[in-house]
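First up is the structure itself, then whatever we jot down about it.
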Amino acid sequence: MELDTPRLRLDALRPEDAPALFAYRADPAVSRFQGWCPASVAEAAAFIARQAGASLDMPEGWCQRAIRLRDSGELIGDLGIHLPAQAEGSIEFGISIAPAHQGQGYATEALRAVFGLIFGRLGRHRVHASVDPRNLASMAMLRTLGMRQEAHHRESLWLQGEWVDDLVFALLAREWHASPSTH
Ligand SMILES: CC(C)(COP(=O)(O)OP(=O)(O)OC[C@H]1O[C@@H](n2cnc3c(N)ncnc32)[C@H](O)[C@@H]1OP(=O)(O)O)[C@@H](O)C(=O)NCCC(=O)NCCS
């Protein structure tokens, strides 16, 4: 999957991305509420290697994509898309933006392009994301994208040595098509 937006390019992660990926993914500002935090550049490189050949044609897999500045090619983040085996199933996603590049609308720009693909060309029905209720930046981003909070699971996940709550946000295709202001 390759997508261009006005400022970004979404494409495959490359072996040479490992140091930059490690730098922002290991930063507590990014890893605080996430299930995966690389312990070394080598672990980041292994993560990238496991993604070689990943595509949206691989159901039940996570397809992880690089988020790059279009002008310079600099890696500023990554996003993962999970396609369930059944074509009718809901698509889950997650996204990380390097702290130096946060607050500039990059996450919403990247995800709007991904939603355009999911609800347009792929013709899927629903997307959802899981978020820790303490993750205010992520919840703000999901609401900017027009997503609704559907569930609050109490202490449903064991993450980084503690039980944490899990909010589910979702968006239906018809809601996306009916709200062009969020595109
Ligand atoms: C969540 C995250 C991806 C947002 O990336 P970003 O590029 O900074 O987001 P955007 O600039 O597109 O902002 C989207 C909306 O969220 C708001 N927002 C962003 N950071 C915020 C913060 N720290 N506090 C409150 N609101 C915030 C923005 O103001 C914007 O809302 P607006 O359009 O009404 O102004 C980023 O903070 C991040 O990588 N966090 C760590 C990883 C993580 O927790 N990922 C979530 C997994 S789903």
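The values are calculated or read from the model by the stated rules, or taken from the named source; none is laboratory data. Remember, predicted model here, so these are calculated numbers, not experimental data. Cβ placement follows ideal geometry from the backbone for every residue including glycine, while neighbour counts extend to all protein chains displayed. Accessible surface areas use protein heavy atoms only, side chains included; no ligands, DNA or RNA. Shrake-Rupley method; radii C 1.70, N 1.55, O 1.52, S 1.80 Å.
Once R0 is set to 22 Å, what does the formula 1/(1 + (r/R0)^6) return for the Cβ-Cβ distance between residue 55 and residue 34, expressed as a FRET efficiency to the nearest 0.05?
Computed FRET efficiency for residue 55 and residue 34 comes out at 0.45.
For a quick check: with amide H placed at 1.01 Å from N, whose amide H comes under 5 Å from residue 67's, ignoring anything fewer than 5 positions away on the same chain?
76, 77, 78, 79
Find the accessible area per residue for the chain; the probe is 1.4 Å, ligands and nucleic acids are left out, and the unit is Å².
Dividing the accessible area of the chain by its residue count gives 49 Å².
Modelled label-to-label distance, residue 14 and residue 166, 7 Å Cα→beta-carbon offset: nm?
3.6 nm
List the trypsin sites (Lys or Arg not before Pro) in segment 40-117 that DSSP assigns to loop (not H, G, I, E or B) and whose Cβ has at most 14 other Cβ atoms within 10 Å. Which are they? Please report the intermediate quantities before stating the final value.
Values: sites: 50, 65, 68, 70, 112; in loops: 70.
For trypsin sites (Lys or Arg not before Pro) across segment 40-117 that sit outside H, G, I, E and B with at most 14 neighbouring Cβ atoms in 10 Å, the list reads 70.
How far is the Cα center of segment 158-180 from the Cα center of segment 120-141, in Å?
4 Å
Applying 1/(1 + (r/R0)^6) with R0 = 30 Å to the Cβ-Cβ distance of residue 149 and residue 4, what FRET efficiency is obtained, to the nearest 0.05?
The formula returns an efficiency of 0.45 here.
So how strong a dipole does the chain carry about its Cα centre when Lys and Arg Cβ are +1 and Asp and Glu Cβ are -1, to the nearest 20 debye?
Here the chain has a charge dipole of around 440 debye.
Among 22, 101, 176, whose Cα sits farthest toward the positive end of the charge dipole of the chain (+1 at Cβ of Lys/Arg, -1 at Cβ of Asp/Glu, about the Cα centre)?
Positive-most Cα among the choices belongs to 176.
Could you tell me what percent of the accessible area of the chain is made up of carbon and sulfur, with a 1.4 Å probe and every protein chain present? Kindly include the intermediate steps, with their values, before the conclusion.
Values: 4820 of 9050 Å².
Carbon plus sulfur share of accessible area: 53 percent.
As a check on your grasp of the helix formula, calculate [θ] at 222 nm for the chain: sum -39500 (n - 2.57) over DSSP H runs of n ≥ 4, divide by the residue count, round to the nearest 500.
Numbers: 6 runs with 51 residues, N = 183.
The per-residue figure over the chain is -7500 deg cm²/dmol.
If one puts a single equal scatterer on every Cα of segment 1-117 and applies the Debye formula without solvent, what log₁₀ I(q)/I(0) results at q = 0.15 Å⁻¹?
-0.64
With r defined as the distance between the Cβ atoms of residue 175 and residue 46 and R0 fixed at 41 Å, what FRET efficiency is calculated, to the nearest 0.05?
0.60
Run the numbers for residue 158 and residue 101: contour at 0.36 nm per residue of separation, minus the present Cα-Cα distance, in nm. List each step's numbers first, then the result.
Numbers: separation 57, 0.36 × 57 = 20.52 nm, distance 2.92 nm.
Length gained, residue 158 through residue 101: 17.6 nm.
Taking amide H atoms as placed 1.01 Å from N in the peptide plane, list the residues 5 or more away in sequence, or in a different chain, whose amide H sits under 5 Å from that of residue 157.
164
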